[in-house]
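Enquirer: First the structure, which I've put down as structure tokens, then a few questions once you've had a look.
What follows draws every value from the coordinates through simple rules; no lab data is involved. The structure presented is a predicted model; accordingly, all values stated were derived computationally and were not measured. Cβ: placed from backbone, ideal geometry, glycine included. Neighbour counts: every protein chain shown.
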Amino acid sequence: MQPTNRSSRILLPVRLGFIYFSLMVALALAYVPTGRFPGVPDWVALVLAFWCIREPLRIGMGAGFLFGVLVDIGQGAAMGQHALAYVVLAYLATGLARRVMWFPPLLQALHVLPMLLASQMLMVAVRLIAGAEFPGWAYFLSSFTAVALWVPLNYLLLLPQYQPVDRDDNRPI
């Protein structure tokens, strides 16, 4: 008898092109000017954490650095601020990937929250060292918003990998 909270569907291997496509979509969402609305998630950090946990051998600190520099350029932030935070996020996510994958998506979100908060604290520390003001405690709401989006994002990003439920006799798999 199978547990009821787990899917019995087998996932296909993820294509590297789809991983980078989803990161580019997250980058495009990061470029959307949202002003200073509190609670807008860091889309790149969220998608990067997801892929570092799901595919730690394919996406890691190099992708974190690359997309961090692209976010720094697009948002006009201090050069290297997001890159440093995303490298640390990717390091934490790949280091904890095997542990996090044992849990269902809702509990995975609770494991991702400290990672996202740590990356945000690192960005605030870089800003403070550079002489900027403290952005306020509402700045950290975006990590909680991102964690609330973890479960739907999990299903959305895994959707192309699902095999059909019905068996096709013409396919070898």
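Enquirer: Give me the dipole magnitude in Debye, nearest 20, for the chain about the Cα centre, with unit charges on the beta carbon: positive for Lys and Arg, negative for Asp and Glu.
Expert: For this selection, approximately 320 debye.
Enquirer: A further question follows. In a Gaussian network model over the chain where Cα atoms closer than 10 Å are linked, find which of Pro152, Pro41, Pro33 has the largest mean-square fluctuation.
Expert: Evaluated over the chain, the most mobile residue of the options is Pro33.
Enquirer: Amide H of Tyr162 versus every other amide H placed in the peptide plane: which residues, excluding those fewer than 5 positions away on the same chain, fall under 5 Å?
Expert: Placed amide hydrogens put Leu12 under 5 Å from Tyr162.
Enquirer: Oh, and also: Any idea what the relative contact order of the range 16-158 is, in percent, if you count C-alpha pairs under 8 Å spaced at least 6 apart?
Expert: 28
Enquirer: Could you line up Met115, Met61 from fewest to most neighbouring Cβ atoms inside 10 Å?
Expert: In order of increasing Cβ crowding within 10 Å: Met61, Met115.
Enquirer: On a 0 to 90° scale, report how tilted helix 81-95 is relative to the longest principal axis of the chain, with both axes built from alpha carbons and the result rounded to the nearest 10.
Expert: 40
Enquirer: How would Ile129, Ile19, Ile53 line up from fewest to most surrounding beta-carbon atoms within 10 angstrom? Show your work: numbers first, answer last.
Expert: Details: Ile129 9, Ile19 20, Ile53 24.
Lowest to highest Cβ neighbour count: Ile129, Ile19, Ile53.
Enquirer: Dipole of the chain (Lys/Arg Cβ +1, Asp/Glu Cβ -1, origin at the Cα centre): which of Leu46, Leu141, Ala26 lies farthest to the positive side?
Expert: Most positive-ward Cα: Leu46.
Enquirer: 5 Å is the cut-off here: which amide hydrogens, built 1.01 Å from N in the peptide plane, fall below it relative to Ala77, excluding neighbours closer than 5 in sequence?
Expert: Under 5 Å from the amide H of Ala77: no residue qualifies.
Enquirer: In degrees between 0 and 90, to the nearest 10, how far off the longest principal axis of the chain does helix 61-75 point, with axes built from Cα atoms?
Expert: The two axes meet at around 50 degrees.
Enquirer: May I pose another question? Just rank His82, His111, fewest to most, by other beta-carbon atoms within 10 angstrom.
Expert: Taking fewest neighbouring Cβ atoms as first place, the list is His111, His82.
Enquirer: Extending each Cα 7 Å along its Cβ direction at Ala138 and Leu106, get the distance between those two points in nm, one decimal.
Expert: 3.1
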